[in-house]
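Each remark here refers to the structure printed beneath this line.
The values are calculated or read from the model by the stated rules, or taken from the named source; none is laboratory data. Given the structure is predicted, the values throughout are model-derived calculations rather than measurements. Quick reminder, even Gly has a Cβ in these numbers, built from the backbone with ideal geometry, and neighbours come from all protein chains shown.
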Amino acid sequence: MDINALISWLLEKSARSAGSAGSAERSIIRFGRRRDYLRIAALCSEASRRQPLPQGLKPLPLIDAISCPIGAARLHDAPPGWLSRIRLEPDMPAAVHAAPRRSTVGLTKGLPWGVEAIKAPAAWRRTTGHRVRVGVIDTGVDAAHPDLRGSLARGINLLSRGTPPHDDNGHGTHIAGTIAAANQPGGMIGVAPRASIFPVKAFDHNGSAYVSDIVLAIEWCVRNRMHLINMSFGMKTRSKALLGAVRQATAAGVLIVASSGNAGRRKAIDYPARYPQTISVGATNRLRRIPPFSNRGSYIDIYAPGDKITSAWVGGSYHEMSGTSMATSHVSGAVALLLAAYPGLGPAAIKTILRRSMQPLRGPRAPRLTGELDVAKMLRTADRLLQ
C-alpha cells in the first residue's frame with residue numbers, strides 16, 4: 001500500500017473540491033497507525049513548501065488525523081488497501097451558545113450581577129487568578145477594549161494565520177470580559193481579574209466553526225500550556241475526533257469547561273459538554289432558577305449565572321447576552337481563582353471540588369443532584385480537602 005499514492009490522491013481531490021463553487025463538505029481522516037499519520041503529515045509539509053496546500057487540507061497532530069475539503073462519501077474510492085487503515089467522519093459545524101444581544105446603554109456595568117451572585121468578590125483578598133492561563137476558543141477578543149487590555153496574552157487566529165485573533169462577532173469578547181475583565185474606571189470587573197486570557201480564534205464572524213478548527217485550537221492550548229479552556233459552543237452530534245482531542249487535553253492536565261446548549265432540553269445536552277471529561281455548565285437567572293432556554297438534566301455538572309449578563313463587547317462597548325455560554329465563563333473564572341490558590345490541581349480534583357461546593361437551586365422542579373456555583377464555598381471545600 002503506497003502512502004505516496006494516498007497523499008497524491010488527497011492533494012488532487014482536495015484541490016478539486018476546494019475549487020468547486022458552493023462545496024461546503026469536509027471530512028476528518030483519522031489514522032489507526034501513528035506512523036501512517038506521521039508520514040502523511042511529513043508529505044503534506046513537503047508539498048506545502050512547493051505550493052500552498054488546498055484550503056481545508058491540514059494535519060491535526062493532536063489526534064493523528066487530517067482534515068480535507070472532501071465529503072466522506074467521495075473518500076471511499078481511496079487508493080486500494082487504505083480504507084481498512086483509516087477512519088472517516090464528517091467535519092461537522094459547531095456554533096456559539098448565546099441568545100441575541102442588546103446594548104447596555106443605561107444598564108449597570110461595574111460589578112455584574114453574576115460575578116456578585118457567585119460570591120467572587122469574597123475571594124479577591126486571597127486569589128484573583130494571577131498567572132492562570134485561560135484559553136478561550138471562540139470568535140477572538142477585542143484587544144483594544146479598555147477592560148481587557150491588562151488581561152490579554154498573545155493568542156492565535158486559526159482562520160487567518162499571521163493576523164491577530166480579532167473579534168469580528170463579539171461573543172468571544174463577552175466571554176473574556178466575564179472571566180477576567182480588570183475593572184477600568186467606568187468599566188466592569190470579571191470573576192478572575194488577574195487571570196491571563198489567551199484568545200484562540202476558531203470561530204468566524206457568524207459564530208461558526210468546524211470540528212477540525214476546534215481540534216487545532218485544543219492542540220494549540222495543550223502545546224502552549226493552558227491551565228483550562230473555555231468552550232462556550234456546541235453541536236448536537238457526537239464527534240470521535242473532538243472526543244479524542246478532549247481526551248488528550250485532559251490527559252495533559254488541561255481542564256475543559258463547556259456550555260451545555262440553549263435548546264431547553266431536559267434529557268440531553270450538546271457536545272463537547274456531554275463528554276464526561278469536561279465540566280458541563282447550565283445557566284441560572286437572578287432567582288437561582290434555570291431559565292427556559294438552558295439545557296438541564298443529569299449531564300449537567302454545575303449551573304452558573306447565564307441570563308441577562310452584561311459584559312465587554314467589541315469597540316470598547318458593553319452588551320447584555322443570555323445563554324449557557326455566559327454561564328460557562330463564570331465557571332472558567334471561578335476555576336482560575338481556584339488554580340491560583342492551589343496550583344497544580346488536575347481536572348478530576350477540580351471537578352470534585354466544584355461538585356462538593358454547589359448551592360442548591362431554587363424552584364419546585366430544580367435538580368437535586370447538582371446546583372449553582374459558589375466561589376466562597378468552593379475555596380472552603382478546597383481548603384478542607386487539600387490542607
- Given (1) surrounded by 19 or more Cβ atoms within 10 Å (Cβ to Cβ); (2) farther than 19 Å from Gly346 by Cβ; (3) not small (Gly, Ala, Ser), index of the condition Arg238 fails: (1)
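When you look at Tyr303, is it over 17 Å from Val96 (Cβ atoms), part of a strand (DSSP E or B), of a type in the set (Ser, Thr, Tyr) and modelled with pLDDT of 95 or more, yes or no?
For Tyr303, the condition - over 17 Å from Val96 (Cβ atoms), part of a strand (DSSP E or B), of a type in the set (Ser, Thr, Tyr) and modelled with pLDDT of 95 or more - is met.
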- Subset of the range 22-66, residues under 21 Å from Pro90 (Cα atoms) and either without any contact (Cβ under 8 Å) to a residue 24 or more places away in the chain or of a type in the set (Gly, Ala, Ser) (or both), comes to Gly22, Ser23, Ala24, Ser27, Gly32, Ala41, Gly56, Pro59, Ala65
- Query: Can you find a residue in the range 359-371 that is of a type in the set (Val, Ile, Thr) and surrounded by fewer than 20 Cβ atoms within 10 Å (Cβ to Cβ)?
  - Reply: no
- Task: Hey, can you tell me all the residues within the range 136-163 that are part of a loop (DSSP other than H, G, I, E, B) and surrounded by fewer than 21 Cβ atoms within 10 Å (Cβ to Cβ)?
- Result: Ala143, Ala144, Pro146, Arg149, Gly150, Ala153, Arg154, Leu159, Ser160, Arg161, Gly162, Thr163
- From the options Ala153, Ala143, Ala195, Ala176, residue that is free of Cβ contacts under 8 Å to residues at least 60 places away in the same chain and touching a Ser or Thr at 6+ places or on another chain (Cβ under 8 Å): Ala153
- Complete set of residues in the range 345-381 that are small (Gly, Ala, Ser), within 13 Å of Asp301 (Cβ to Cβ) and outside any helix (DSSP H, G or I): Ser357, Gly371
- Query: List, please: which pairs have Cβ atoms under 6 Å, are six or more places apart or on different chains, and start with a residue in the range 346-358 that is under 9 Å from Leu255 (Cα atoms) and end with one that is surrounded by fewer than 21 Cβ atoms within 10 Å (Cβ to Cβ) and of a type outside the set (Lys, Arg)?
  - Reply: Gly346/Gly253; Pro347/Thr250
- Residues in the range 250-294 that are of a type outside the set (A, V, I, L, M, F, W, C), more than 16 Å from the chain's Cα centre (by Cα) and more than 16 Å from Arg362 (Cα to Cα) total 4
- Task: Return a yes/no flag: does the range 321-344 have any residue that is in the same structural domain as Arg225 (by TED's automatic domain parsing), in contact with a helix residue (DSSP H, G or I) (Cβ under 8 Å, 6 or more places away or on another chain), aliphatic (A, V, I, L, M) and assigned to a strand (DSSP E or B).
- Result: yes
- Count, please, the residues in the range 160-187 that happen to be modelled with pLDDT under 95 and closer than 24 Å to Pro146 by Cβ. 6
- From Arg362, Arg296, Arg368, which residue is free of Cβ contacts under 8 Å to residues at least 24 places away in the same chain, in the same structural domain as Thr284 (by TED's automatic domain parsing) and among the charged types (D, E, K, R)? Arg368
- Task: Could you list, in sequence order, all residues of the range 297-317 that are over 23 Å from Val141 (Cα atoms) and within 19 Å of the chain's Cα centre (by Cα)?
- Result: Tyr299, Ile300, Asp301, Ile302, Tyr303
- Item | Condition check for Pro305: surrounded by fewer than 22 Cβ atoms within 10 Å (Cβ to Cβ) and either under 16 Å from Asp374 (Cβ atoms) or assigned by TED's automatic domain parsing to the domain that holds Ser196 (or both) | no
- Note on the structure: Within the range 107-135, the count of residues that are at pLDDT 95 or above, of a type in the set (S, T, N, Q) and surrounded by fewer than 14 Cβ atoms within 10 Å (Cβ to Cβ) comes to 0
- Scanning the range 23-68 residue by residue, those modelled with pLDDT of 90 or more and part of a loop (DSSP other than H, G, I, E, B) turn out to be Asp64
- Query: Conditions: (1) under 30 Å from Pro185 (Cβ atoms); (2) surrounded by 15 or more Cβ atoms within 10 Å (Cβ to Cβ). Gly315 meets all but one. Number of the miss?
  - Reply: (2)
